[in-house]
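Participant: Below is the structure I would like to discuss, written out as structure tokens.
Each value in this text was obtained by applying a stated rule to the coordinates, not by laboratory testing. Just so it is clear, the structure is predicted and the values come from calculations on it, not from any experiment. We place every Cβ from the backbone using ideal geometry, glycine too, and count neighbours over all the protein chains shown.
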Amino acid sequence: MKQYITTMTQRGQVTVPVEVQRLLGIGPRDKVAFMVENQEVRIVPGRDLLSGVLGSVKRLDPDDQTSIEDLIDEARGERAEHVEAKWRAE
């Protein structure tokens, strides 16, 4: 496991190391979520949160049998394609 150490400012801000940003596929102005469990904290992209996904998909048709899990998987796949295309362009 790699470890990255950064310093917290007086305002409670930290810089996310570039390697971690790339791993998470995040950049300036992107949201991140802090997941706290058993005295440990994980940082995850905010777009993986249900609230972020719901705002990015069209309203469900009541007769459509597609599950929310399928919609989340589709949104994640589209995001992965976007990040991959961005990396290839660099």
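Participant: I'd like to compare 76-83, 63-70: which one has the highest average count of other Cβ atoms within 10 Å, and what's the full order after that?
Facilitator: Highest to lowest by the protection proxy: 76-83, 63-70.
Participant: Okay, moving on. What FRET efficiency, computed as 1/(1 + (r/R0)^6) with R0 = 30 Å and r the Cβ-Cβ distance, is obtained for Thr66 and Met35, rounded to the nearest 0.05?
Facilitator: 0.65
Participant: So, one more: Please list, in order along segment 64-77, the HN-Hα scalar couplings obtained from phi with the Karplus expression 6.51 cos²θ - 1.76 cosθ + 1.60 (θ = phi - 60°), rounded to whole Hz, x for Gly and Pro.
Facilitator: Values per residue, Gly and Pro as x: 6, 9, 5, 7, 4, 4, 5, 5, 5, 4, 5, 5, 5, x Hz.
Participant: Run the numbers for Glu78 and Val20: contour at 0.36 nm per residue of separation, minus the present Cα-Cα distance, in nm.
Facilitator: 18.8 nm
Participant: Using only alpha carbon positions, build the gyration tensor of the chain, then give the equivalent ellipsoid semi-axes as the square roots of 5 times its eigenvalues, largest first, whole angstrom.
Facilitator: Working: eigenvalues 173, 62, 28 Å².
The equivalent ellipsoid of the chain has semi-axes of 29, 18, 12 Å.
Participant: Next question, about the same structure. What is the set of long-range amide H partners of Ala33 at a cut-off below 5 Å, with H atoms built 1.01 Å from backbone N?
Facilitator: Val44, Gly46
Participant: Among Thr9, Gln21, Ile43, which residue has its Cα furthest toward the positive end of the charge dipole of the chain, with +1 on Lys/Arg Cβ and -1 on Asp/Glu Cβ?
Facilitator: Result: Thr9.
Participant: Related question: When the helices in the chain are scored as -39500 (n - 2.57) per DSSP H run of 4 or longer and the sum is shared across all residues, what 222 nm value do you end up with, to the nearest 500 deg cm²/dmol? Before the final figure, lay out the partial values.
Facilitator: Values: 3 runs with 34 residues, N = 90.
Taking each H run of at least 4 residues, the total per residue is -11500 deg cm²/dmol.
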